[in-house]
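The structure under discussion appears below in the form of structure tokens.
Bear in mind these aren't lab numbers, they're just calculated from the coordinates by the rules spelled out. Quantities reported herein were computed from a predicted structural model and do not represent experimental measurements. When we count neighbours, we look across all protein chains shown, and the Cβ atoms used for this are built from the backbone with ideal geometry, even at glycine.
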Amino acid sequence: MRSIGGRVRINDEGRDIKAAVDLPGEAFRVTTVDLNGNKQVSDAGLVVFKDCKDLIYLDLYLTPVSDAGLAHFKDYKNPTRLLIGYTRVTDLSLIKDLPLKELDCDFRPERDADILRSIQTLEKINGKPAAEFWREVEKK
């Protein structure tokens, strides 16, 4: 993690872990992955998180990640917060089955509205309560 500048949290703890050497020797669950702003992150590199099925928070904001990178997480069952704004992600159908409560993305109504409306668990979209977000979309 330190080699590319990210951080993780394990077992729902509030402590940031920035180097693999700081991970415990016993079994643990990765619950947060924060790679915000990290230009070294790659789609292929995200495969290291393929077995982190307990992930609840994923921050890829301002990274070069694309649909191929996000696809590593599409079958996860627990993510509630996903930040993929200012990335190369264009296919939000990859997240349609996730139990997201909060999403930050590069929203394009013609491409994304139906998919986001299908995610009934969304409470916050692009930093706004979902109802407010949709009111603003409908005004345009």
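Report yes if Asp75 is within 24 Å of Thr90 (Cβ to Cβ), among the acidic types (Asp, Glu) and surrounded by fewer than 17 Cβ atoms within 10 Å (Cβ to Cβ), otherwise no. Judged against the criteria, Asp75 is a match.
Hey, does segment 64-75 have a residue that's among the hydroxyl-bearing types (Ser, Thr, Tyr), over 30 Å from Ala20 (Cβ atoms) and more than 11 Å from the chain's Cα centre (by Cα)? Looking for residues that are among the hydroxyl-bearing types (Ser, Thr, Tyr), over 30 Å from Ala20 (Cβ atoms) and more than 11 Å from the chain's Cα centre (by Cα), one finds none in segment 64-75, hence no. Out of curiosity, is Gly6 surrounded by fewer than 19 Cβ atoms within 10 Å (Cβ to Cβ) and over 13 Å from the mean Cα position of the chain (by Cα)? When the stated conditions are applied, Gly6 does not pass them. Among the residues of segment 86-116, those that are under 16 Å from Glu136 (Cα atoms) and assigned to a helix (DSSP H, G or I) comprise Pro109, Glu110, Asp112, Ala113, Asp114, Leu116.
Within segment 33-64, the residues that satisfy the criterion of being in a helix (DSSP H, G or I) and either touching a strand residue (DSSP E or B) at 6+ places or on another chain (Cβ under 7 Å) or farther than 23 Å from Arg15 by Cβ (or both) are Ala44, Gly45, Val47, Phe49. Taking the numbered list (1) of a type outside the set (Lys, Arg); (2) surrounded by 14 or more Cβ atoms within 10 Å (Cβ to Cβ); (3) under 24 Å from Ala130 (Cα atoms) in turn, Asp97 passes all entries but (2).
Among the residues of segment 22-62, those that are under 15 Å from Arg7 (Cβ atoms), of a type in the set (S, T, N, Q) and out of contact with any Cys (no Cβ under 9 Å at 6 or more places or on another chain) comprise Thr32, Asn36, Asn38, Gln40.
Can you confirm whether Leu70 is crowded, with 16+ Cβ neighbours inside 10 Å, in a loop (DSSP other than H, G, I, E, B), touching a residue at least 24 places away in the same chain (Cβ under 8 Å) and not acidic (Asp, Glu)? No, not satisfied. When the residues of segment 102-128 are filtered to those that are charged (D, E, K, R) and crowded, with 16+ Cβ neighbours inside 10 Å, which remaining residue is nearest to Leu35 (Cα to Cα)? By that ranking, first place goes to Asp104. Filtered by the rule that a residue be touching a Phe, Trp or Tyr at 6+ places or on another chain (Cβ under 9 Å), among the charged types (D, E, K, R) and without any contact (Cβ under 8 Å) to a residue 24 or more places away in the chain, segment 103-127 gives Asp106, Arg117, Lys124. Scanning segment 1-53 for residues that are more than 17 Å from Pro79 (Cα to Cα) and polar (S, T, N, Q) yields Ser3, Asn38, Gln40, Ser42.
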